Amino acid sequence: MNTANFLRLVLLAAIWGSSFLFLRISAPVLGPAVLIEYRVAFAAVFLAIVGAILKKKLKLRAHWKHFLILGLLNSALPFLLFAFAARTLSASVLSVLNATAPMWGALIGAAWSRAVIARHTALGLLMGSAGVALLVGFDHVSARPGAALAVGAALAAALSYSLASAYAKSATSVEPFANAHGSMWAATLLVIPALAFFPQPGEATIGIMGAALALGVLCSGIAYILYFRLIEDVGPTSALTVTFLNPLFGILWGALFLGEIVGWHTIAGAAIVILGTALVTGFRPRFGAAAVVPAAPAGK
């Protein structure tokens, strides 16, 4: 990985880490459904413009079922669940819970193949569970009404990302940009029914709409382009190291812009979850040798 790609990796982690900041700002005002409808619609329009400039065809007739499944599992459902959780949980907690996605991926893979879980994987799963318990148990947000439900929603969102990864491995190969573009249009349609169940609770301001726009264009559209560029340049192994960097930026942005308290339990819980994720995925840093590909993509 050269300097340019390393900087892209850090930038991608900073962008995806900021998504929890924008969720925390806008979800309590817009509600999960309205916010995510804005997010995926903004992302879809942005990617359509980029696709037109790059002359990339979507081939909707050939892949519409694939886009619907991917749009549900990788965008609509996890985005809604995280937005629901963001009404209660801090950006720091959300970013760490998001990092459990590879752990869910390991469990799904073991259940699907009916394979015995390796010792290092089992240890990683235990460590990840302990890290989440430490983070949530000692954080002041755990005392808020609905905190347990919000934690469950965030973990379910991470599970959905892992299901999307498992599906993508067995699905017909589709060009990466088309996956991002088509799945965002599919998610835009899939989120519409949720609007009836989660009406907008507050009045949107310019700042709130700016956060929604940032979620769509920056955290979904531009981030996808960066991610797929990294995969093309350095391969999926190096690109997926963003999984380990996301919580660091999620905690940083929450502390800087929302005044969230970063206690010992935040640092310790995040470190244990990241280490557990590394054990589960079999990740090894690349120092002149090939690394093992993590089991699931980073959450967005």
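The values are calculated or read from the model by the stated rules, or taken from the named source; none is laboratory data. Just so we're clear, the structure is a prediction, and the values are computed from it rather than from any experiment. Virtual Cβ from ideal backbone geometry, glycine too; neighbours counted across all protein chains shown. Accessible surface areas use protein heavy atoms only, side chains included; no ligands, DNA or RNA. Shrake-Rupley method; radii C 1.70, N 1.55, O 1.52, S 1.80 Å.
Restricting to segment 111-166, count the residues that are part of a helix (DSSP H, G or I) and either open to solvent by less than 60 Å² (accessible area, probe 1.4 Å) or in contact with a helix residue (DSSP H, G or I) (Cβ under 6 Å, 6 or more places away or on another chain) (or both). Spell out how you get there, then give the answer.
In the first step, residues of segment 111-166 are kept if they are part of a helix (DSSP H, G or I); the result is 111-113, 119-138, 140-143, 147-166.
Cutting the leftovers down to either open to solvent by less than 60 Å² (accessible area, probe 1.4 Å) or in contact with a helix residue (DSSP H, G or I) (Cβ under 6 Å, 6 or more places away or on another chain) (or both) gives us 120-125, 127-128, 130-132, 134-138, 141-142, 147, 150-166.
So the count comes out to 36.
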Some residue of segment 205-213 being at pLDDT 95 or above, under 28 Å from Lys57 (Cα atoms) and open to solvent by 20 Å² or more (accessible area, probe 1.4 Å): yes
Quick check on my filter: what residues within segment 142-182 are free of Cβ contacts under 8 Å to residues at least 12 places away in the same chain and under 21 Å from Lys65 (Cα atoms)? Lys169, Ser170, Ser173
Of everything in segment 214-237 that's open to solvent by 50 Å² or more (accessible area, probe 1.4 Å) and in contact with a Lys or Arg (Cβ under 9 Å, 6 or more places away or on another chain), which residue is nearest to Leu68 (Cα to Cα)? Arg229
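Restricting attention to segment 101-153, which residues are of a type in the set (Phe, Trp, Tyr) and closer than 20 Å to Thr241 by Cα?
Of all residues in segment 101-153, those of a type in the set (Phe, Trp, Tyr) come to 104, 112, 138.
Matches in segment 101-153: Trp104 only.
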For segment 93-105, indicate whether the set of residues that are open to solvent by 20 Å² or more (accessible area, probe 1.4 Å) and out of contact with any Ser or Thr (no Cβ under 6 Å at 6 or more places or on another chain) is non-empty. no
Can you pull out every residue in segment 1-19 that is surrounded by 15 or more Cβ atoms within 10 Å (Cβ to Cβ) and outside any helix (DSSP H, G or I)? Met1
For segment 241-254, enumerate the residues that are closer than 14 Å to Val96 by Cα and either of a type outside the set (Phe, Trp, Tyr) or at pLDDT 90 or above (or both). Val242, Thr243, Leu245, Asn246, Pro247, Leu248, Phe249, Gly250, Ile251, Leu252, Trp253, Gly254
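Would you mind stating whether Val273 is modelled with pLDDT of 85 or more, β-branched (Val, Ile, Thr), over 30 Å from Leu60 (Cα atoms) and outside any helix (DSSP H, G or I)?
no
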